[in-house]
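Report on the structure given below.
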Amino acid sequence: MSDEQYRKIPYATEAIHASIDRGNRYRSLTPPIVQSATFLFDDTAELFALKTGQLERPEYGRYGNPTVSALARQLCALEGPGADDALLFSCGMAAITTTLLALLSAGDHLVYTQQSYRRTLQFCEEILPRFGVQCSEVPAVDASRIIEAIRPGTRVVLLEMPTNPYLYLCDVARVVEAARAVDAQVIIDATFATPYNLRPLELGVDLVIHSATKYLGGHNDVLAGAVIGAWHLVLPIRQLQGITGAILSPASAYLISRGLKTFPLRMQRHNENALRVSRFLESHPKVVRVYYPGLESHPDHELARRLLRGSGGVVSFEVAGDFAAAGRFIDKVRLPLVAPSFGGTESLIEQPALMSYFDSGERARFGISDNLIRMSVGLEDADDIIADLRQALDSYS
Ligand SMILES: Cc1ncc(COP(=O)(O)O)c(C=O)c1O
């Protein structure tokens with residue numbers, strides 16, 4: 001391969017080596033799955049050393065586990081400078097809700113955007129106000145509008161980027177600057193971007209959250225969540241997790257750790273496949289509109305060029321026709337499977353108006369069109385995916 005052809009795959013080395021513990025007592029290359037609820041102490045002196053902070057070691061499964069710690073090291077390595085601690089959860093929602101509960105108290109102000117994952121939105125709209133948190137919803141992922149909502153007393157600004165399903169972006173660095181001025185923390189749910197495509201900590205973001213169920217796990221076989229950032233910012237969340245208990249199991253941690261070894265390669269392929277699929281869709285006469293930040297036609301294409309390495313594996317598009325026609329198109333598709341979620345090896349396809357926004361009032365509120373399709377482009381051969389989409393588009397009516 002010539003130097004010109006060779007494109008450095010970022011973090012490939014870190015993704016492979018960060019989980020290795022050369023000193024582990026079994027001398028195993030891979031992290032052992034330490035399936036134990038509790039951990040032994042030689043004597044009271046060892047326990048005393050732990051309690052007085054002279055020793056760091058596992059104590060009880062809810063407070064930490066060696067397999068989960070190996071995964072945390074990998075995530076810190078992938079997230080880059082500023083990521084000195086990673087806390088793992090049973091799923092992405094556990095990461096989001098525990099983080100917000102740890103950082104917000106009655107009277108505090110939270111800013112979030114309407115283009116957040118639906119369950120996140122529900123938590124901000126329905127649950128946090130019950131505990132006296134003042135919540136401001138910004139209707140667009142637009143830095144100026146988010147900044148307008150920040151005020152003295154704002155403690156947290158919660159962003160999600162790219163958004164679901166239209167994949168909008170905002171100028172994060174501007175939001176960070178405004179948040180700093182009032183001493184608020186900026187948290188970003190970067191599930192759609194992953195550390196491969198976006199490194200929020202380098203933009204000044206305080207904490208990054210991922211649903212590791214998606215690209216980080218990458219194989220549609222495990223649920224997990226993560227919060228990553230500076231040690232002192234993760235600490236209060238860790239302490240609350242020790243109380244509320246939504247921890248990741250060692251077996252799930254092992255699956256994600258294993259999957260992360262091929263993460264940069266997978267992301268490279270997701271990015272390439274989705275760009276090819278989105279270009280094909282844009283060229284097809286029965287596709288009304290394609291939403292993919294890697295396309296020049298996307299409203300946030302310039303931001304994507306500036307902020308993202310690649311645009312990820314999710315492509316949204318509108319097909320000709322109404323709600324029922326979109327369903328008929330999906331039923332013609334053979335290769336992508338009909339299921340919620342994204343970021344795995346298998347291509348998945350869904351109609352958001354049916355899968356997530358069946359209530360027509362909700363559809364209107366979130367601007368979800370009846371003929372919208374969301375596709376998670378997997379790691380299959382892009383030619384095969386495109387051939388299948390072509391036959392489905394050509395044949396549905
Ligand atoms: C952007 C985003 N954040 C968080 C979540 C929640 O993650 P989990 O399903 O792992 O709880 C999802 C789930 O789809 C998501 O899309």
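The values are calculated or read from the model by the stated rules, or taken from the named source; none is laboratory data. Because the structure is predicted, anything quoted here is derived from the model rather than measured. Cβ: placed from backbone, ideal geometry, glycine included. Neighbour counts: every protein chain shown.
One table, with the values for the structure above:
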{"read-out": "Qualifying residue in the range 168-177 (condition: in the same structural domain as Asp142 (by TED's automatic domain parsing) and within 14 Å of the ligand (Cβ to nearest atom))", "value": "yes"}
{"read-out": "Yes/no for Leu121 being within 16 Å of the ligand (Cβ to nearest atom) and either buried (at least 21 other Cβ atoms within 10 Å of the Cβ) or not assigned by TED's automatic domain parsing to the domain that holds Arg73 (or both)", "value": "no"}
{"read-out": "Thr67 vs. criteria among the hydroxyl-bearing types (Ser, Thr, Tyr), within 30 Å of Val175 (Cα to Cα) and either in the same structural domain as Ser252 (by TED's automatic domain parsing) or within 16 Å of the ligand (Cβ to nearest atom) (or both)", "value": "no"}
{"read-out": "The range 127-139 residues that are modelled with pLDDT under 95, paired with ones that are polar (S, T, N, Q) and surrounded by 14 or more Cβ atoms within 10 Å (Cβ to Cβ) (beta carbon under 7 Å, 6 or more apart)", "value": "Pro139/Gln114"}
{"read-out": "Qualifying residues in the range 182-205 (those that are of a type in the set (Gly, Ala, Ser) and within 10 Å of the ligand (Cβ to nearest atom)) - the one surrounded by the fewest Cβ atoms within 10 Å (Cβ to Cβ)", "value": "Ala190"}
{"read-out": "Residue in the range 62-106 that is farthest from Pro129 (Cα to Cα), counting only those that are outside any loop (DSSP other than H, G, I, E, B) and among the acidic types (Asp, Glu)", "value": "Glu79"}
{"read-out": "Hey, Gly218 assigned by TED's automatic domain parsing to the domain that holds Arg62, within 16 Å of the ligand (Cβ to nearest atom) and at positive phi or not", "value": "yes"}
{"read-out": "Hits in the range 279-314 - residues which are in a helix (DSSP H, G or I) and over 18 Å from Ser369 (Cβ atoms)", "value": "Arg279, Phe280, Ser283, His301, Glu302, Leu303, Ala304, Arg305, Arg306, Leu307"}
{"read-out": "Contacts under 7 angstrom Cβ, first residue in the range 17-33 being within 15 Å of Leu260 (Cα to Cα), partner surrounded by 15 or more Cβ atoms within 10 Å (Cβ to Cβ) and acidic (Asp, Glu), 6 or more apart", "value": "Pro31/Asp21"}
{"read-out": "Any chance Val208 is away from the ligand (no atom under 15 Å from the Cβ) and of a type in the set (A, V, I, L, M)", "value": "no"}
{"read-out": "Residue among Ala106, Ala86, Ala77 that is farther than 22 Å from Thr163 by Cβ and at pLDDT below 95", "value": "Ala77"}
{"read-out": "Top-ranked residue in the range 22-74 [being among the acidic types (Asp, Glu) and under 25 Å from Gly229 (Cα atoms); ranked as surrounded by the fewest Cβ atoms within 10 Å (Cβ to Cβ)]", "value": "Glu56"}
{"read-out": "Hits in the range 219-235 - residues which are more than 19 Å from Met93 (Cβ to Cβ) and either small (Gly, Ala, Ser) or in contact (Cβ under 8 Å) with a residue 24 or more places away in the chain (or both)", "value": "His219, Ala230, Trp231, Leu233, Leu235"}
{"read-out": "Residue list for the range 236-278, filter: part of a loop (DSSP other than H, G, I, E, B) and among the aliphatic types (A, V, I, L, M)", "value": "Ala246, Ile247, Leu248"}
{"read-out": "In the range 332-369, the residues that are within 14 Å of the ligand (Cβ to nearest atom) and at pLDDT 90 or above", "value": "Ala339, Pro340, Ser341, Phe342, Gly343, Gly344, Leu348, Glu350, Pro352, Met355"}
{"read-out": "Where a residue in the range 201-213 is under 17 Å from Ser116 (Cα atoms) and assigned by TED's automatic domain parsing to the domain that holds Thr98 and its partner, wherever it lies, is charged (D, E, K, R) and assigned to a strand (DSSP E or B), with Cβ under 7 Å and at least six apart", "value": "Ile209/Asp189"}
{"read-out": "Filter pass, Val157 being assigned to a strand (DSSP E or B) and modelled with pLDDT of 95 or more", "value": "yes"}
{"read-out": "Exclusive hit being in contact with a Phe, Trp or Tyr (Cβ under 8 Å, 6 or more places away or on another chain), assigned to a helix (DSSP H, G or I) and surrounded by 17 or more Cβ atoms within 10 Å (Cβ to Cβ), set Phe329, Phe317", "value": "Phe329"}
{"read-out": "Count of residues meeting criterion [assigned to a loop (DSSP other than H, G, I, E, B) and on the phi < 0 side of the Ramachandran plot] in the range 354-389", "value": "13"}
{"read-out": "Qualifying positions in the range 143-170 - crowded, with 19+ Cβ neighbours inside 10 Å and more than 11 Å from Val111 (Cα to Cα)", "value": "Ala143, Glu160, Met161, Pro162, Thr163, Asn164, Pro165, Tyr166, Leu167, Tyr168, Leu169, Cys170"}
